[in-house]
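Asker: Shown below is the structure under consideration.
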Amino acid sequence: MAERIRNVAIITKFNSIEAERAASKITELLITKQIKVYSIVPSIVRNSTSVTPEELMAINLDLIFAVGGDGTTLRAFRIISHKTPIFSMNVGGNRGILSEVGVDSIDFAINSILAGRYFYDLRIRIQASINGNFIPPALNDIVLTRINLTRTPILSIKLMDDQIKQRMDGIIISTPTGSTGHSYSSGGPVLYEGLNCLILNPIASVSRMPELVVPSANIEIESTHDIYLTIDGQEVFKVTAGQNVKISRFSADAQFIRLRKRGMRQLAKLGF
């Protein structure tokens, strides 16, 4: 695998000196191996070539380093819509549930990857369209929440030839990867990350709609009032009353590069 790595990109945490230092060290190590390194603006990494996310899409990348916390990794997977693998490094993050190593393992990680001592960890992603207009994919979750705090909307949810109509504050549609995120904070289960399913976790359902774990089939949602749609807790879109929101499995799974085999890898990072 080492001889095939020619182009690498680094995405760093915003306004983090620690992440910038780690990115510079990664760049220095890769350059000694005659590997071209790109950095994503606004970050500027010494000895790398700065590019915009749009310019990055035209480059034939072999690997991407996400240097920061889980938010940086989620942002990296939205920027990269295809199957370019990502190596996630926790630098300045809180728990780093998605990451493989910390800043103290940079040399070990680079040497292992270039020597081919790694494997791929595939995760499903989901994507929403609003009245047919697609928005970026989500690795963790898509959350629909009411805008008007004095009016509780009725959500119409169609899935697997069934329809549910419930008055509620909103709903979380989570992948297994995102089961440790917003859904978990709302009482949802933690799922093995390699499963092919989704969690539907209602928010303050008036009739106490149960949480559902369903296959990753298409889901359609309409609301009687305006709502917000949030991707991975980072990008927000407004959905007006009556607009159709369709959520489906994204065509390209997320690919992590891993160095060690683990079972329920996220449990240790949750403190269990």
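Asker: Ranking request for peptides 56-64, 18-26: highest mean number of other beta-carbon atoms within 10 Å first, then the rest in descending order.
Answerer: Going from most to least packed, we get 18-26, 56-64.
Asker: While we're here: Give me the one-decimal nm value for the distance between modelled label points at Arg4 and Lys36, 7 Å along each residue's Cα-to-Cβ direction.
Answerer: 1.8
Asker: Additional query: Restricting to Cα pairs below 8 Å that are 6+ residues apart, what does the relative contact order work out to for region 194-251? Please round to a whole percent.
Answerer: The value is 30 percent.
Asker: Along the charge dipole of the chain, Cβ charges K/R +1 and D/E -1, which of Ile221, Ile11, Asn111 sits furthest on the positive end?
Answerer: Projecting each Cα onto the dipole axis, the largest value belongs to Asn111.
Asker: Give the cross-link partners of Lys261 among the aspartates and glutamates, using a straight C-alpha distance below 14 Å as the criterion and excluding same-chain residues fewer than 8 apart.
Answerer: List returned: Glu100, Asp121, Glu193.
Asker: Rolling a 1.4 Å sphere over the protein heavy atoms, what is the accessible area per residue of region 18-165, to the nearest Å²?
Answerer: It amounts to 45 Å² per residue over region 18-165.
Asker: Counting only heavy atoms of the protein chains, get the accessible area per residue of region 169-236 (1.4 Å probe) and round it to a whole Å² value.
Answerer: Accessible surface, normalised per residue, equals 41 Å².
Asker: I've got another one for you. Please work out the FRET efficiency for the pair Gln166 and Asn133, using the Cβ-Cβ distance as r and a Förster radius of 41 Å; give the result to the nearest 0.05. Show your work: numbers first, answer last.
Answerer: Details: r = 25 Å, r/R0 = 0.62.
For R0 = 41 Å, the calculated efficiency reads 0.95.
Asker: Something else: Under 21 Å from the Cα of Lys13, which lysines turn up, not counting those fewer than eight places away in the same chain?
Answerer: Lys25, Lys36, Lys269
Asker: Multiply the residue separation of Lys83 and Lys238 by 0.36 nm, subtract the distance between their alpha-carbon atoms, and state the gained length in nm to one decimal.
Answerer: Fully extending the segment from Lys83 to Lys238 adds 53.0 nm.
Asker: Calculated from the structure, Kirkwood radius over Cα pairs in Å equals which of [x] 21.5; [y] 20.3; [z] 19.5?
Answerer: Calculated Kirkwood radius over Cα pairs in Å: the matching label is [z].
Asker: Label points 7 Å out from Cα along the Cβ direction at Glu28 and Asn196: separation in nm?
Answerer: 4.5
The values are calculated or read from the model by the stated rules, or taken from the named source; none is laboratory data. This is a predicted model, so every value here is computed, not measured. Counting neighbours? That spans all protein chains shown, and the Cβs are built from the backbone with ideal geometry, glycine included. The accessibility values were calculated without ligands, DNA or RNA, using every heavy atom of the protein model including side chains. Shrake-Rupley method; radii C 1.70, N 1.55, O 1.52, S 1.80 Å.
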